[in-house]
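Here is the structure we will look at, set down as structure tokens.
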Amino acid sequence: MNNVCVFCGSSTGSNSRYAEMAGLLGKELAARGLGLVYGGGNIGLMEVLANACRAGNGRVIGVIPEFMVHNQWARHDVSALHVVGSMHERKALMADLTDAFIALPGGYGTLEEFCEMVTWRQLELHRKPCGLLNVDGFYDPFLAFLDHQAREGFLAPDNRALIRVAADPATLLDLLNDA
């Protein structure tokens, strides 16, 4: 792996551990010499993640739609900032620039982006591993829903197994590296 794409919230959420783990993930990426590909934002968990990676002299690559730049949500002090025309272009470029995908806690956008990458993996549009950083059980209800989908015959067991899960950054990166 050279670069890891991380999807995460534009908020820090209500649990201080979300920001703590975003920071630990950023540090771990830098320590392993892995570049961070992220949504290019200067707010929320995105900011914490990018700050930590940069503090460790890591590569930080932002990909952000033009409308977000106009709203002053872009972080400009990164290794590279790619400004694209749409959210669709953003996801496609992020996928092209990375070797693995991680989701930290977040909202609709985080979940949508991550699920699209898992779907692309399921459809064999890429072979890149996908993982959830399950901070304090944040993703437990989602994982239970995936198990429900599998029990109900909407998700094949091998496709359910596409998502790696860990509660700490180092373990998750190891799982993705071994996938």
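The values are calculated or read from the model by the stated rules, or taken from the named source; none is laboratory data. Small disclaimer: the values here were computed from a predicted structure and weren't measured. Cβ placement follows ideal geometry from the backbone for every residue including glycine, while neighbour counts extend to all protein chains displayed. For accessibility, only protein heavy atoms count, side chains too; no ligands or nucleic acids. Shrake-Rupley method; radii C 1.70, N 1.55, O 1.52, S 1.80 Å.
Below, the figures for the structure above:
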{"item": "Qualifying position, being touching a Lys or Arg at 6+ places or on another chain (Cβ under 9 Å) and farther than 14 Å from Ile43 by Cα, among Val84, Val118", "result": "Val84"}
{"item": "Unmet criterion (only one of (1) out of contact with any Lys or Arg (no Cβ under 8 Å at 6 or more places or on another chain); (2) farther than 30 Å from Asn15 by Cα) for Arg127", "result": "(1)"}
{"item": "Single residue of Met46, Met1, Met21 found to be touching a strand residue (DSSP E or B) at 6+ places or on another chain (Cβ under 9 Å), within 25 Å of Leu175 (Cα to Cα), touching a residue at least 60 places away in the same chain (Cβ under 8 Å) and assigned to a helix (DSSP H, G or I)", "result": "Met21"}
{"item": "Residue list for region 4-18, filter: touching a residue at least 40 places away in the same chain (Cβ under 8 Å) and surrounded by fewer than 22 Cβ atoms within 10 Å (Cβ to Cβ)", "result": "Ser10, Ser11, Gly13, Asn15, Arg17"}
{"item": "Residue identified as under 18 Å from Cys130 (Cα atoms) and in contact with a helix residue (DSSP H, G or I) (Cβ under 7 Å, 6 or more places away or on another chain) among Gly58, Gly39, Gly85", "result": "Gly39"}
{"item": "Evaluation of Glu66 against (1) open to solvent by 80 Å² or more (accessible area, probe 1.4 Å); (2) over 26 Å from Asp168 (Cα atoms); (3) of a type outside the set (A, V, I, L, M, F, W, C); (4) without any contact (Cβ under 8 Å) to a residue 12 or more places away in the chain (one fails), failing number", "result": "(4)"}
{"item": "Leu29 in a helix (DSSP H, G or I) and buried (at least 23 other Cβ atoms within 10 Å of the Cβ)", "result": "yes"}
{"item": "Single match in Leu111, Leu123, Leu81, Leu97 (criterion: under 11 Å from the mean Cα position of the chain (by Cα) and either modelled with pLDDT under 95 or hydrophobic (A, V, I, L, M, F, W, C) (or both))", "result": "Leu111"}
{"item": "Cross-chain or 6+ apart pairs with Cβ under 9 Å, region 125-145 first and among the basic types (Lys, Arg), then crowded, with 22+ Cβ neighbours inside 10 Å and in a helix (DSSP H, G or I)", "result": "Lys128/Met117"}
{"item": "Residue within region 40-62 that is open to solvent by less than 10 Å² (accessible area, probe 1.4 Å) and farther than 21 Å from Ser11 by Cβ present", "result": "no"}
{"item": "Conditions (1) over 20 Å from Lys128 (Cα atoms); (2) in contact with a helix residue (DSSP H, G or I) (Cβ under 9 Å, 6 or more places away or on another chain); number of the one not met by Asn3", "result": "(1)"}
{"item": "Residue list for region 82-110, filter: free of Cβ contacts under 8 Å to residues at least 60 places away in the same chain and closer than 17 Å to Ser10 by Cα", "result": "Met87, Arg90, Lys91, Tyr108"}
{"item": "Any hit, region 75-88, residues being in a helix (DSSP H, G or I) and open to solvent by 10 Å² or more (accessible area, probe 1.4 Å)", "result": "yes"}
